[in-house]
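Below is one structure, written out as structure tokens; the observations come after it.
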Amino acid sequence: MSTLDSILKETRLFPPSDEFRHRATIPGMDAYNALCEQADDHYLSYWGDIARELISWKKPFSRVLDDSNAPFFKWFDDGVLNVSYNCLDRHLAQNANKIAIIFEADDGAVTRVTYAELHRRVCQFANGLKALGIKKGERVVIYMPMSIEAVVAMQACARIGAIHSVVFGGFSAKSVQERIQDAGAVAVITANEGMRGGKAVALKAVIDEAISLGGCESVRQVVVYQRSNNGATVWADGRDIWWHKLTEGQAEQCEPEWMNAEDPLFILYTSGSTGKPKGIQHSSAGYLLGAMNSFRWVFDAKPNDVFWCTADVGWITGHSYVCYGPLGMAATQVIFEGVPTYPDAHRFWQMIEKHKVSIFYTAPTAIRSLIKLGADFPQQHDLSSLRLLGTVGEPINPEAWIWYHEAVGGGRCPIVDTWWQTETGSVMIAPLPGAVATKPGSCTLPLPGIIADIVDESGAPVEAGKGGMLVIKKPFPSLVRTIWGDPERFKKTYFPEEFNGQYYLAGDSAHRDEHGYVWIMGRIDDVLNVSGHRLGTMEIESALVANPLVAEAAVVGKPHEIKGEAVVAFVVLKGARPTGEDAKKMVEQLKNWVAHEIGKIAQPDDIRFGDNLPKTRSGKIMRRLLRAIARGEAITQDTSTLENPAILQQLQEPA
Ligand code: WTA
């Protein structure tokens, strides 16, 4: 049975236990409904109250929302704060000795830092950045392994008002270069290398290559954290500086730069429908509010919890639920450098047992791969510390959900399936675990204050059971502010004319069931979701045609048991169509090429060669046919408008 079929048949309902409900921050549906009503009736004061409750302001705001220049909304805009102050300094009175981070390295070595220690490290590093002349509003690219230092780097930027742009350590030099250039970064913070699965991953060398590709003249400094002692690091004198040298002798206090609520906190690049990644720009106050509020409600986080989000800080999940949400709420969290399968597939369960993790947040793709490698492994560990589980990034198939619930959660832990996006900054649709009964495969109901709906092309809500476009009808604090350097694209992409520029268009299709529960069906644009990572088909196509041997390429997705979706590329070479061994060699060559252009995560799983691509008489590539071919389905669609029907046969042959 396909995932979609089983989701459509799913009717099981899992209410929270009485015990969980009684202790929860939002205890039961009445509490949830009361919050929703409050938000409906007094939208602005609802958000204003939360902003006053959660954030420590240097100067309070006088206005909640300024929508005079919609869709460029401003929240709390005359308020003054510092995000790093909110994540660190204000906890020192009560929680100086509380563990902030339990870091487990790839090799199992564990380091713990308290809030006082983290504060000290952030201040020293922030002073170091200031000594380099980095100023408020300047951009800093962070290309780091999962580490305490990655969090320190982000927090230090926030402290001095520099705008960070974290680039996932798996992206290629070319991708880093594009991001440095687009952001106009003045500095890069990296490590000599990272360790994943027992192997060293070059990082500093990638930065050197990125800068050597040109167009990165804005970069004045590269700060290098020495993660390991493997070999020599190539050095550019005058540009490169070791992290430990930079922080040596720096003062342990650093007065935060006081920022306006709307000053950008960070830019994070993500894939869209066109070839060029978009720089999603988030604000200081509204973003922090979203990260903190969702952390306390969706994860029901309590002072004694040990939280573990397995996402890398290179993605939005790592921003909101590693760096900002947990620290804003003074939580204790685990940060893990490595991979779930090293040294073997016991790793996650061992770590939960060892660190007594109580709230665990991961991706469906990780769950599916761990089922495959050892469905009975969790039972071999004491996972009784767990009380809540979460998933993010893609729809979870009910089979994986049930396994997660039973084998990992012992049947007692609610599962929060959290729907959100880089653009929304924080969780939008998810069960509040003490209130909303869950259904495997559904992200259930919007959080109070999130006015989500599913509409047709005219903007009218669709009836239950019918698919439509997921929109959010009112602006909310943690929403993306603009696309860095491209406000027009922001407007067109997210607040399209069809809806009079009123609704935020998420780019996902969804339907609601008879209980009003939301079921996400997939993207409506040319974005693929591979292992929970967003990849633009156009981005991969551009990478392929940049190869001198390639004339044309079309990329589509096909369902994949573990990854959710897999990348399939149809390629026309400038020379003859390769067959046999030549084709196999060419496949390897092009896979390596894509890894080099974008990163390994974007490598096609399957490459097919044709003399041409199926096109209409007007020259448009017929992607729906390619999708059917990729899935190995019989072609039942109308092919009468096809210029070259014979090509279909050829493309069905695997290389
Ligand atoms: C998908 C990740 C179904 C969706 C936080 C969205 C999901 C895209 C879920 C955003 C979920 C995320 N159920 N689909 N619980 N969570 N998605 O920007 O297609 O990396 O638009 O943010 O992932 O991916 P992004």
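Listing for the model above:
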quantity	calculated
Given (1) more than 16 Å from the ligand (Cβ to nearest atom); (2) at pLDDT 95 or above; (3) open to solvent by 20 Å² or more (accessible area, probe 1.4 Å), number of the condition M538 does not satisfy	(2)
Some residue of region 576-596 being closer than 26 Å to E394 by Cβ and assigned to a strand (DSSP E or B)	no
Some residue of region 491-500 being touching a Lys or Arg at 6+ places or on another chain (Cβ under 6 Å) and either more than 15 Å from the ligand (Cβ to nearest atom) or of a type in the set (D, E) (or both)	no
Residue count, region 411-446 (criterion: away from the ligand (no atom under 13 Å from the Cβ) and either closer than 30 Å to I267 by Cβ or hydroxyl-bearing (S, T, Y) (or both))	0
Residues of region 424-458 satisfying the condition of being part of a loop (DSSP other than H, G, I, E, B) and more than 20 Å from E37 (Cα to Cα)	T424, G425, S426, K439, P440, G441, S442, C443, D456, E457, S458
Selection from region 396-409 of residues that are in a loop (DSSP other than H, G, I, E, B) and of a type outside the set (G, A, S)	I396, N397
Unique match (being of a type outside the set (G, A, S) and more than 27 Å from P303 (Cβ to Cβ)) among Y32, Y115, Y85, Y43	Y43
Residues of region 437-473 that turn out to be of a type in the set (K, R) and either out of contact with any strand residue (DSSP E or B) (no Cβ under 9 Å at 6 or more places or on another chain) or open to solvent by 20 Å² or more (accessible area, probe 1.4 Å) (or both), as a count	2
Some residue of region 369-381 being over 20 Å from T341 (Cβ atoms), surrounded by fewer than 19 Cβ atoms within 10 Å (Cβ to Cβ), more than 16 Å from the ligand (Cβ to nearest atom) and modelled with pLDDT of 95 or more	no
Filter result (surrounded by 20 or more Cβ atoms within 10 Å (Cβ to Cβ), touching a Lys or Arg at 6+ places or on another chain (Cβ under 6 Å) and among the charged types (D, E, K, R)) within region 605-637	none
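The values are calculated or read from the model by the stated rules, or taken from the named source; none is laboratory data. Treat the numbers as computed from the prediction; the structure is a model and nothing was measured. As a convention, Cβ positions derive from the backbone with ideal geometry for all residues, glycine included, and neighbour counts pool all protein chains shown. What goes into the accessible areas is simple: the full protein's heavy atoms, side chains included, and nothing from ligands, DNA or RNA. Shrake-Rupley method; radii C 1.70, N 1.55, O 1.52, S 1.80 Å.
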